[in-house]
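The values are calculated or read from the model by the stated rules, or taken from the named source; none is laboratory data. Because the structure is predicted, anything quoted here is derived from the model rather than measured. Because the Cβ atoms are built from the backbone with ideal geometry, glycine has one as well, and the counts that use them run over all protein chains shown. Note: areas computed on protein heavy atoms with side chains; ligands, DNA, RNA excluded. Shrake-Rupley method; radii C 1.70, N 1.55, O 1.52, S 1.80 Å.
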Amino acid sequence: MLAFIYNLGLVLAATGGEGQFTQFYNEYFNIPGFELWKFLNLAIFIALITYFVRKPLSEAFKARREQIRSELIRAEAEKKAALAKLTEAEAKLAQLEAEKEAIIENSMAEASAEEKRLAEQMRIEIDRLKKQREGELDRLAKQTYAGLRRFSAEESVRLAEEKLRSQIDGAKDARLVKASIQEIGGLN
């Protein structure tokens with residue numbers, strides 16, 4: 001590249017502009033560490049690379065852009081699906097909360113009804129036991145009353161028998177036996 005620039009400088013010098021070109025070159029391009037040929041070489045290299053690589057790179061960039069676009073579309077669809085699932089889950093949670101409240105209310109109503117039913121059943125059982133007790137007391141009272149009547153009758157008979165035995169002697173006994181026989185109709 002340096003040779004190209006140098007030759008270009010020689011050609012221009014041969015045409016009569018040697019003093020001006022050399023002066024221009026020395027003044028602007030012949031700075032130590034700043035060689036223009038390095039930059040020119042780099043520019044040519046970049047131009048060639050750009051020329052040969054532009055079409056494959058642009059196609060790769062297009063493909064990558066399309067891939068990114070499709071991934072963004074897919075991500076958007078996944079986001080919408082996730083939001084739909086979230087909405088559905090929130091609806092289920094709200095429904096579960098409502099179901100929980102309904103179950104609690106239903107349980108409370110059932111417990112109250114069961115409590116009333118048990119209280120009514122207990123009252124009926126208490127009434128039945130009271131009637132059974134009263135019946136048992138009546139039966140025992142009747143048995144006792146009957147026992148007392150029987151005892152009273154037996155005691156009355158015993159006392160009467162004792163009294164009669166004490167009052168009846170052998171002669172009175174014979175006379176009573178005769179009177180009983182005649183009353184029956186005799187001894188035939």
- Taking 0.36 nm per residue of separation between PHE52 and ALA160 and subtracting their Cα-Cα distance, the length gained on full extension comes to 23.3 nm
- Message: Run the count for segment 45-188, please: Lys pairs, Cα-Cα under 23 angstrom, 8 or more apart or on different chains.
- Response: 10
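Using a Förster radius of 22 Å, what is the FRET efficiency between LEU140 and GLU120 based on their Cβ-Cβ separation? Nearest 0.05, please. Write out the running numbers ahead of the final one.
Values: r = 30 Å, r/R0 = 1.37.
For LEU140 and GLU120, the calculated efficiency is 0.15.
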- Query: Once the whole set of protein chains is in place, how much accessible area is left on TYR145, using a 1.4 Å probe, in Å² to the nearest 10?
  - Reply: 140
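Using 0.36 nm times the number of residues separating ALA82 and ASN106, minus their current alpha carbon distance, what extension gain do you get?
Extra length from ALA82 to ASN106 when fully extended: 5.1 nm.
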- Query: Assigning unit charges at the beta carbon (Lys, Arg +1; Asp, Glu -1) and nothing else, what dipole magnitude in debye, to the nearest 20, does segment 83-122 show about its Cα centre?
  - Reply: 120
- Whole-Hz ³J(HN,Hα) from phi, Karplus 6.51 cos²θ - 1.76 cosθ + 1.60, for segment 103-115, glycine and proline x: 5, 4, 4, 4, 5, 4, 5, 5, 5, 5, 5, 5, 4
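May I ask you to give the solvent-accessible area per residue for segment 37-116, in square angstrom, as obtained with a 1.4 angstrom probe?
It amounts to 90 Å² per residue over segment 37-116.
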